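The values are calculated or read from the model by the stated rules, or taken from the named source; none is laboratory data. Note that the coordinates shown come from a computational prediction; the quantities given were computed from them, not determined experimentally. Heads up: the accessible areas ignore ligands, DNA and RNA and are worked out on the full protein's heavy atoms, side chains in. Shrake-Rupley method; radii C 1.70, N 1.55, O 1.52, S 1.80 Å.
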Amino acid sequence: MKRKLGIEKLLQWAVRDELPKGRAVAADVGCAIGRREVRPFAIARSMGRARDNDFDSMGYVPGEPHADAQIVADAIGRLATSVTLDSADGARALFGDFAPIAEHVIPSLMLAVWNPQAIVLAGAMGKRPSWQFKCPTPYQMFAPTAGRPRPIVHGLNAGGELVELRRNEGRARKRDGEYTLAMSPRSPLDWHDPAPLHIGECRAEWVTWCNALDDLTRALAGKLATIEVQPRTVRSMPWCDGSSAPRVLAGRKLTLADVELAVAPRRNAVAGKPVESPIEAATVQSYARASREKMRKSAAS
């Protein structure tokens, strides 16, 4: 009977535990991925090298790889080595709630290239792509000058075009302020920590990794002698679908608390009036005294 194993665990077992067997300790993982021709950006290399011609001072890993691990290696070697985004809308979908501040990086993402083969191997070695990021921090943009940097301010001219504004000087500054409000002055923001481009690249890498896992699941279905491949459990776009599903511990009733909670809060009885701040008490007395003096003066007049 075949044992069920998720695609992630299968890759970790094959790449970490089985494929290094019979190879030099210092050899990179690409030497064990498939007997395929060399392609641009390919991690896979020929594994038909003779051991006698390979000398490694650190020795060799004992044993031979499992037959199923060899099949997994061939499947990894057949993965694409360069993919790109198919549309600008697909690039915008990578940002989720950050989309309003990321429109200017869409052209750069459309030119970027990702390597599914390398991403899958990195994931098997424990380096999953990142997709969770805090909200970027906005910074005001400044123009370099000979002295103090000048803040960049944009506004709308009479024709409704966006133009750069300069500070008002002299009488115009006294009349209209630092900038003419009728031109709707605004300062463009530069978002960093993290930069929107970095967020888009990392999330595109996450989607590439998920798609590659799906391709491997389909390619290995029914091909392994001892393992039944299970699909991935992670979501392809968790920033749009919500957070990742929480882990549930088997054999435990999560409705029961680990500790017994009191039916009612246990608080120590406090006697007397609440503690009053000395400053607050002095302020109340001052207001009361001023009110009495005002009433006395009104009555005298």
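The range 82-147 has equivalent-ellipsoid semi-axes of 29, 16, 14 Å, by the square roots of 5 times the alpha carbon gyration tensor eigenvalues, sorted largest first. The alpha-carbon of Lys21 sits under 29 angstrom from the alpha-carbons of these lysines, leaving out residues fewer than 8 places away in its chain: Lys2, Lys4, Lys9, Lys127, Lys223.
Please give the contour-minus-distance gain from Leu162 to Arg150: 0.36 nm per residue of separation, less the Cα-Cα distance, rounded to one decimal in nm. My answer for the length gained is 2.5 nm. For the range 128-210, the solvent-accessible area of protein heavy atoms averages 65 Å² per residue (probe radius 1.4 Å; ligands and nucleic acids excluded).
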